[in-house]
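Below is one structure, written out as C-alpha coordinates, with a few remarks after it.
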Amino acid sequence: MKKVYRSESNIDYWNRRWSESGTDAKAFLDPNIYPVKYSNLIVQDKTQCCLEIGSGVGRILKHYFYQGFNITGIERSNIGVDTMLASDNNLPVQIGDAVNLPYADSTFDNVLAFGVFHNIEDEVALKTSISQCSRVLKPSGRFCISIRPDNLEMNLNEWYWKISGYKKQNHGNDSTTFHRWLFKNNEFTRILSNNNLHTVKVHAARNVSILYRIKWLRTQNKDETYLRSNGYKLNFLGASIDRLLTFIMPNQFCNVFVFIGEKRPQW
(Lines give C-alpha, C1' and ligand atoms only; values in the text may rest on other atoms or scores of the structure.)
Protein backbone atom coordinates (compact mmCIF):
# COMPACT_ATOMS: atom_id res chain seq x y z
CA MET A 1 0.00 0.00 0.00
CA LYS A 2 1.33 3.38 -1.00
CA LYS A 3 -0.11 6.84 -0.49
CA VAL A 4 -0.12 9.36 -3.31
CA TYR A 5 -0.08 13.06 -2.49
CA ARG A 6 -1.14 16.10 -4.46
CA SER A 7 -1.95 19.72 -3.67
CA GLU A 8 -5.73 19.28 -3.76
CA SER A 9 -7.52 17.25 -1.08
CA ASN A 10 -9.32 14.08 -2.11
CA ILE A 11 -12.81 15.39 -1.28
CA ASP A 12 -12.09 18.72 -3.03
CA TYR A 13 -10.85 16.83 -6.08
CA TRP A 14 -14.04 14.77 -6.34
CA ASN A 15 -16.34 17.71 -5.67
CA ARG A 16 -14.58 19.58 -8.46
CA ARG A 17 -14.76 16.54 -10.77
CA TRP A 18 -18.49 16.11 -10.18
CA SER A 19 -19.08 19.85 -10.63
CA GLU A 20 -17.28 19.81 -13.97
CA SER A 21 -18.59 16.52 -15.35
CA GLY A 22 -22.30 17.31 -15.31
CA THR A 23 -24.97 14.62 -15.15
CA ASP A 24 -24.38 11.09 -16.40
CA ALA A 25 -26.36 9.44 -19.19
CA LYS A 26 -29.19 7.02 -18.46
CA ALA A 27 -27.28 4.08 -19.89
CA PHE A 28 -23.86 3.10 -21.15
CA LEU A 29 -23.51 3.41 -24.92
CA ASP A 30 -20.73 0.82 -24.89
CA PRO A 31 -21.37 -2.14 -22.54
CA ASN A 32 -17.80 -3.39 -22.97
CA ILE A 33 -16.06 -0.60 -21.07
CA TYR A 34 -15.16 -0.20 -17.42
CA PRO A 35 -17.03 -0.27 -15.08
CA VAL A 36 -20.22 -1.71 -16.56
CA LYS A 37 -18.37 -4.56 -18.27
CA TYR A 38 -17.50 -5.87 -14.80
CA SER A 39 -20.66 -5.00 -12.90
CA ASN A 40 -22.60 -6.97 -15.53
CA LEU A 41 -20.77 -10.07 -14.35
CA ILE A 42 -22.72 -10.02 -11.09
CA VAL A 43 -25.75 -7.77 -11.64
CA GLN A 44 -28.01 -10.07 -13.64
CA ASP A 45 -31.14 -10.79 -11.58
CA LYS A 46 -33.69 -7.97 -11.27
CA THR A 47 -35.23 -9.56 -8.16
CA GLN A 48 -31.98 -9.20 -6.21
CA CYS A 49 -31.04 -6.15 -4.13
CA CYS A 50 -27.91 -4.33 -5.22
CA LEU A 51 -25.97 -1.57 -3.46
CA GLU A 52 -23.58 0.78 -5.21
CA ILE A 53 -21.15 2.47 -2.83
CA GLY A 54 -19.79 5.66 -4.35
CA SER A 55 -22.32 6.48 -7.06
CA GLY A 56 -20.57 9.66 -8.23
CA VAL A 57 -22.98 11.36 -10.63
CA GLY A 58 -24.84 8.18 -11.45
CA ARG A 59 -23.55 6.31 -14.47
CA ILE A 60 -23.82 2.83 -12.89
CA LEU A 61 -26.87 3.62 -10.75
CA LYS A 62 -28.83 5.04 -13.68
CA HIS A 63 -27.80 2.25 -16.04
CA TYR A 64 -29.39 -0.41 -13.84
CA PHE A 65 -32.22 1.65 -12.34
CA TYR A 66 -33.67 2.51 -15.74
CA GLN A 67 -33.52 -1.16 -16.75
CA GLY A 68 -35.68 -2.08 -13.76
CA PHE A 69 -33.03 -3.47 -11.42
CA ASN A 70 -33.45 -3.12 -7.66
CA ILE A 71 -30.43 -0.91 -6.99
CA THR A 72 -29.63 1.60 -4.25
CA GLY A 73 -26.83 4.15 -4.32
CA ILE A 74 -24.87 5.99 -1.66
CA GLU A 75 -22.40 8.81 -2.31
CA ARG A 76 -20.39 11.00 0.10
CA SER A 77 -20.33 14.06 -2.18
CA ASN A 78 -23.38 16.27 -1.81
CA ILE A 79 -22.53 17.74 -5.22
CA GLY A 80 -22.71 14.28 -6.78
CA VAL A 81 -26.02 13.47 -5.10
CA ASP A 82 -27.52 16.87 -5.93
CA THR A 83 -26.49 16.42 -9.57
CA MET A 84 -28.16 13.00 -9.76
CA LEU A 85 -31.37 14.12 -8.08
CA ALA A 86 -31.54 17.24 -10.25
CA SER A 87 -31.65 14.94 -13.29
CA ASP A 88 -34.27 12.66 -11.71
CA ASN A 89 -35.62 13.07 -8.20
CA ASN A 90 -36.75 9.42 -8.21
CA LEU A 91 -33.23 8.02 -8.32
CA PRO A 92 -32.65 5.80 -5.23
CA VAL A 93 -29.55 7.55 -3.89
CA GLN A 94 -28.57 9.23 -0.65
CA ILE A 95 -25.63 11.03 0.91
CA GLY A 96 -23.59 8.74 3.13
CA ASP A 97 -20.20 7.34 3.99
CA ALA A 98 -18.70 3.94 3.21
CA VAL A 99 -17.27 3.84 6.73
CA ASN A 100 -20.75 3.83 8.28
CA LEU A 101 -23.29 2.36 5.88
CA PRO A 102 -26.89 3.05 7.03
CA TYR A 103 -28.22 -0.42 6.18
CA ALA A 104 -29.03 -3.51 8.20
CA ASP A 105 -26.82 -6.58 8.19
CA SER A 106 -27.20 -8.92 5.18
CA THR A 107 -29.42 -6.53 3.20
CA PHE A 108 -27.92 -6.83 -0.29
CA ASP A 109 -27.34 -9.67 -2.72
CA ASN A 110 -24.69 -7.69 -4.59
CA VAL A 111 -22.38 -4.80 -3.71
CA LEU A 112 -20.61 -2.60 -6.24
CA ALA A 113 -17.85 -0.16 -5.31
CA PHE A 114 -15.88 1.35 -8.17
CA GLY A 115 -12.99 3.60 -7.21
CA VAL A 116 -14.11 4.07 -3.62
CA PHE A 117 -11.82 2.48 -1.07
CA HIS A 118 -8.54 3.90 -2.30
CA ASN A 119 -9.94 7.36 -1.50
CA ILE A 120 -10.08 6.72 2.26
CA GLU A 121 -6.88 8.07 3.80
CA ASP A 122 -7.05 6.63 7.32
CA GLU A 123 -6.02 2.97 7.23
CA VAL A 124 -8.35 2.02 10.09
CA ALA A 125 -11.28 3.75 8.37
CA LEU A 126 -10.35 2.03 5.11
CA LYS A 127 -10.53 -1.40 6.72
CA THR A 128 -13.72 -0.42 8.53
CA SER A 129 -15.32 0.46 5.21
CA ILE A 130 -14.47 -3.00 3.83
CA SER A 131 -15.96 -4.51 6.98
CA GLN A 132 -19.12 -2.46 6.41
CA CYS A 133 -19.30 -3.71 2.83
CA SER A 134 -19.12 -7.28 4.10
CA ARG A 135 -21.65 -6.62 6.86
CA VAL A 136 -24.44 -5.42 4.54
CA LEU A 137 -23.79 -8.20 2.00
CA LYS A 138 -25.80 -11.38 2.36
CA PRO A 139 -24.00 -14.70 2.90
CA SER A 140 -22.87 -15.94 -0.53
CA GLY A 141 -23.63 -12.45 -1.86
CA ARG A 142 -21.34 -11.19 -4.60
CA PHE A 143 -19.16 -8.12 -4.84
CA CYS A 144 -17.45 -6.15 -7.59
CA ILE A 145 -14.86 -3.72 -6.23
CA SER A 146 -12.17 -1.72 -7.99
CA ILE A 147 -9.06 0.00 -6.63
CA ARG A 148 -6.07 1.80 -8.09
CA PRO A 149 -3.02 -0.45 -8.55
CA ASP A 150 0.54 0.26 -7.50
CA ASN A 151 2.02 -0.44 -10.91
CA LEU A 152 3.99 1.13 -13.73
CA GLU A 153 1.06 2.91 -15.37
CA MET A 154 -0.20 4.53 -12.18
CA ASN A 155 3.28 5.65 -11.18
CA LEU A 156 3.79 7.11 -14.65
CA ASN A 157 0.45 8.85 -14.20
CA GLU A 158 1.64 10.53 -11.02
CA TRP A 159 4.87 11.55 -12.76
CA TYR A 160 2.73 13.11 -15.50
CA TRP A 161 0.82 15.21 -12.98
CA LYS A 162 4.03 16.40 -11.35
CA ILE A 163 5.54 17.67 -14.60
CA SER A 164 2.36 18.86 -16.33
CA GLY A 165 2.21 22.13 -14.40
CA TYR A 166 -1.42 21.43 -13.54
CA LYS A 167 -1.01 21.79 -9.82
CA LYS A 168 1.10 24.92 -10.09
CA GLN A 169 -1.36 26.61 -12.40
CA ASN A 170 -4.55 25.64 -10.59
CA HIS A 171 -3.94 24.43 -7.07
CA GLY A 172 -0.52 25.64 -5.99
CA ASN A 173 2.74 23.74 -6.04
CA ASP A 174 2.44 21.92 -2.72
CA SER A 175 1.97 18.15 -2.95
CA THR A 176 1.52 17.14 0.68
CA THR A 177 -2.23 16.48 0.67
CA PHE A 178 -3.52 12.91 0.48
CA HIS A 179 -4.95 12.03 -2.91
CA ARG A 180 -5.37 8.23 -2.87
CA TRP A 181 -3.88 4.84 -2.08
CA LEU A 182 -2.24 2.54 -4.59
CA PHE A 183 -2.43 -1.21 -3.87
CA LYS A 184 -0.64 -4.32 -4.94
CA ASN A 185 -3.05 -7.06 -5.99
CA ASN A 186 -2.25 -9.31 -3.03
CA GLU A 187 -2.48 -6.45 -0.51
CA PHE A 188 -6.10 -5.70 -1.32
CA THR A 189 -7.01 -9.37 -1.70
CA ARG A 190 -5.79 -9.90 1.86
CA ILE A 191 -7.89 -7.01 3.21
CA LEU A 192 -10.97 -8.45 1.52
CA SER A 193 -10.22 -11.93 2.83
CA ASN A 194 -9.88 -10.63 6.38
CA ASN A 195 -13.50 -9.52 6.09
CA ASN A 196 -14.87 -12.81 4.70
CA LEU A 197 -14.85 -11.48 1.13
CA HIS A 198 -13.37 -14.21 -1.04
CA THR A 199 -11.87 -13.06 -4.34
CA VAL A 200 -12.70 -15.33 -7.26
CA LYS A 201 -11.16 -13.26 -10.05
CA VAL A 202 -9.05 -10.10 -10.37
CA HIS A 203 -9.28 -8.21 -13.65
CA ALA A 204 -6.56 -5.82 -14.81
CA ALA A 205 -8.78 -3.15 -16.32
CA ARG A 206 -8.82 0.32 -17.79
CA ASN A 207 -10.86 3.39 -17.05
CA VAL A 208 -8.67 5.69 -19.14
CA SER A 209 -5.41 4.59 -20.79
CA ILE A 210 -2.37 6.65 -19.91
CA LEU A 211 -1.95 7.09 -23.68
CA TYR A 212 -5.12 9.20 -23.63
CA ARG A 213 -2.95 11.94 -22.11
CA ILE A 214 -1.37 12.30 -25.58
CA LYS A 215 -3.83 14.27 -27.70
CA TRP A 216 -2.76 12.86 -31.05
CA LEU A 217 -3.48 9.31 -29.82
CA ARG A 218 -7.12 10.07 -28.92
CA THR A 219 -10.25 9.94 -30.96
CA GLN A 220 -12.17 13.18 -31.41
CA ASN A 221 -12.99 14.85 -28.11
CA LYS A 222 -16.56 14.71 -26.91
CA ASP A 223 -18.32 16.11 -23.83
CA GLU A 224 -17.75 14.38 -20.49
CA THR A 225 -21.20 12.79 -20.34
CA TYR A 226 -20.58 11.07 -23.68
CA LEU A 227 -17.08 9.94 -22.71
CA ARG A 228 -18.24 8.46 -19.40
CA SER A 229 -20.91 6.40 -21.16
CA ASN A 230 -19.00 5.42 -24.30
CA GLY A 231 -15.42 5.30 -23.04
CA TYR A 232 -12.29 7.40 -23.43
CA LYS A 233 -11.32 6.00 -26.82
CA LEU A 234 -7.92 5.95 -28.49
CA ASN A 235 -7.47 6.26 -32.24
CA PHE A 236 -6.11 3.39 -34.34
CA LEU A 237 -2.46 4.11 -33.51
CA GLY A 238 -3.14 4.68 -29.82
CA ALA A 239 -5.29 1.56 -29.55
CA SER A 240 -2.64 -0.52 -31.31
CA ILE A 241 0.09 0.62 -28.91
CA ASP A 242 -2.24 0.11 -25.98
CA ARG A 243 -3.08 -3.46 -27.00
CA LEU A 244 0.60 -4.26 -27.28
CA LEU A 245 1.39 -2.86 -23.83
CA THR A 246 -1.50 -4.66 -22.16
CA PHE A 247 -0.60 -7.90 -23.92
CA ILE A 248 3.03 -7.77 -22.81
CA MET A 249 2.46 -6.50 -19.25
CA PRO A 250 -1.26 -6.64 -18.38
CA ASN A 251 -0.80 -6.01 -14.66
CA GLN A 252 1.57 -3.09 -15.25
CA PHE A 253 -0.46 -1.35 -17.95
CA CYS A 254 -3.86 -1.03 -16.33
CA ASN A 255 -5.20 1.68 -14.05
CA VAL A 256 -7.69 -0.35 -12.03
CA PHE A 257 -7.81 -3.79 -10.50
CA VAL A 258 -11.37 -5.13 -10.39
CA PHE A 259 -12.05 -7.75 -7.72
CA ILE A 260 -14.97 -10.12 -8.27
CA GLY A 261 -15.96 -12.48 -5.49
CA GLU A 262 -18.43 -13.57 -2.84
CA LYS A 263 -18.98 -13.37 0.86
CA ARG A 264 -18.15 -16.60 2.62
CA PRO A 265 -19.14 -17.57 6.18
CA GLN A 266 -16.58 -17.20 8.94
CA TRP A 267 -15.63 -20.59 10.30
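Tabulated data for the structure shown
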| read-out | value |
| --- | --- |
| Qualifying residue in the range 58-65 (condition: touching a strand residue (DSSP E or B) at 6+ places or on another chain (Cβ under 6 Å), modelled with pLDDT of 95 or more and assigned to a loop (DSSP other than H, G, I, E, B)) | no |
| Any chance Thr177 is under 30 Å from Ile42 (Cβ atoms), out of contact with any helix residue (DSSP H, G or I) (no Cβ under 6 Å at 6 or more places or on another chain) and either among the hydrophobic types (A, V, I, L, M, F, W, C) or in contact (Cβ under 8 Å) with a residue 60 or more places away in the chain (or both) | no |
| Subset of the range 10-23 (residues that are surrounded by 15 or more Cβ atoms within 10 Å (Cβ to Cβ) and in contact (Cβ under 8 Å) with a residue 60 or more places away in the chain) | Asn10, Tyr13, Trp14, Asn15, Trp18, Ser21, Thr23 |
| Helices (runs of 4 or more DSSP H) completely within the range 148-253 that count 1 or more residues being under 17 Å from the mean Cα position of the chain (by Cα) | 152-163, 185-193, 224-230 |
| Any hit, the range 83-99, residues being closer than 30 Å to Gln252 by Cβ, in contact with a Phe, Trp or Tyr (Cβ under 6 Å, 6 or more places away or on another chain) and not in a helix (DSSP H, G or I) | no |
| Some residue of the range 24-47 being in a strand (DSSP E or B), buried (at least 20 other Cβ atoms within 10 Å of the Cβ) and charged (D, E, K, R) | no |
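The values are calculated or read from the model by the stated rules, or taken from the named source; none is laboratory data. Computed from a predicted structure; not experimentally measured. Please note: Cβ atoms are built from the backbone with ideal geometry, for glycine as well, and neighbour counts cover all protein chains shown.
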